[in-house]
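Enquirer: Sharing a structure, written as structure tokens. Questions coming.
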């Protein structure tokens, strides 16, 4: 098997629109924006404007800036978007996300010091993780799980400016840990899937079942369970977020 696979199951090629679609990682972007919604859904009451701005800020930071910076690291998605454009998109998007964070932290409902702290932390995660700074110390499975899973839940929750109670704090911690767990699962599935698609030129061997049958191994056989799980989770998490949000807003 010497053919080159597409760099991701959602990748499209052949036009500028296809390149931008691929850069946005639509399934994964929707997945991680759902964490913001889940964080907001914990609050006793929903401030829909604050939720909208929170989702927009994370779309700019994660959907655009992070993915543009990642593509600058060796062109893993093989898009034809010029590097200068990627730098401009990353800079403008991250600036926009920070500006929205400043509005939420200082001007939305009084000063929120936890959100003040979250602004530089979020910027550090986007730049440090995707540009693989600090000798790749931020480019790990655990940083991804907490930064792309737990962090959006916490910010989405805090942006609602809820009155804290013991039960609410426990719920927020539980939701944060759930997001960390599912993000870690994503990383553990996507890393071997990326290796098979982007860095593997041949797969050889077979699997022998208990009844003696030999199942030939190829890239498709190895990718199917990994990407099947990723596809399912990429729509299950957003649907869960919508359900929890709507159920909570009806209280």
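The values are calculated or read from the model by the stated rules, or taken from the named source; none is laboratory data. These numbers were taken from a predicted model, which means no experiment stands behind them. Note that each Cβ is placed from the backbone with ideal geometry, even for glycine, and that neighbours are counted across all protein chains shown.
Enquirer: Which of the residues spanning the range 36-58 are over 21 Å from residue 116 (Cβ atoms) and out of contact with any helix residue (DSSP H, G or I) (no Cβ under 6 Å at 6 or more places or on another chain)?
Expert: Within the range 36-58, 44, 45, 48 meet the criteria.
Enquirer: Here's something else I'd like to know. I'm trying to understand the selection: among the residues of the range 159-169, which are in a helix (DSSP H, G or I), free of Cβ contacts under 8 Å to residues at least 12 places away in the same chain and within 29 Å of residue 103 (Cβ to Cβ)?
Expert: Answer for the range 159-169, where residues must be in a helix (DSSP H, G or I), free of Cβ contacts under 8 Å to residues at least 12 places away in the same chain and within 29 Å of residue 103 (Cβ to Cβ): just 169.
Enquirer: If I go through the range 206-229 residue by residue, how many of them are closer than 21 Å to residue 4 by Cα and in a helix (DSSP H, G or I)?
Expert: Here the count works out to 10.
Enquirer: Can you name the residue in the range 123-178 that is touching a helix residue (DSSP H, G or I) at 6+ places or on another chain (Cβ under 8 Å) and on the phi > 0 side of the Ramachandran plot and, of all such residues, is surrounded by the fewest Cβ atoms within 10 Å (Cβ to Cβ)?
Expert: Result: 134.
Enquirer: In the range 107-115, is there at least one residue being assigned to a helix (DSSP H, G or I) and surrounded by 14 or more Cβ atoms within 10 Å (Cβ to Cβ)?
Expert: yes
Enquirer: Further question: Which one of these is under 13 Å from residue 157 (Cα atoms) and touching a residue at least 40 places away in the same chain (Cβ under 8 Å): 57, 43, 68, 97?
Expert: Result of the check over 57, 43, 68, 97: 43.
Enquirer: Of the conditions (1) modelled with pLDDT of 95 or more; (2) surrounded by 17 or more Cβ atoms within 10 Å (Cβ to Cβ); (3) under 30 Å from residue 224 (Cβ atoms), residue 197 fails just one. Which one is it?
Expert: (1)
Enquirer: All but one of (1) under 22 Å from residue 10 (Cα atoms); (2) assigned to a helix (DSSP H, G or I); (3) in contact (Cβ under 8 Å) with a residue 24 or more places away in the chain hold for residue 154; which doesn't?
Expert: Checking residue 154 against (1) under 22 Å from residue 10 (Cα atoms); (2) assigned to a helix (DSSP H, G or I); (3) in contact (Cβ under 8 Å) with a residue 24 or more places away in the chain, the one that fails is (1).
Enquirer: Oh, and also: Hey, could you check the range 71-85 for residues that are over 15 Å from residue 8 (Cα atoms) and touching a residue at least 60 places away in the same chain (Cβ under 8 Å) and say which is surrounded by the most Cβ atoms within 10 Å (Cβ to Cβ)?
Expert: So the residue we want is 81.
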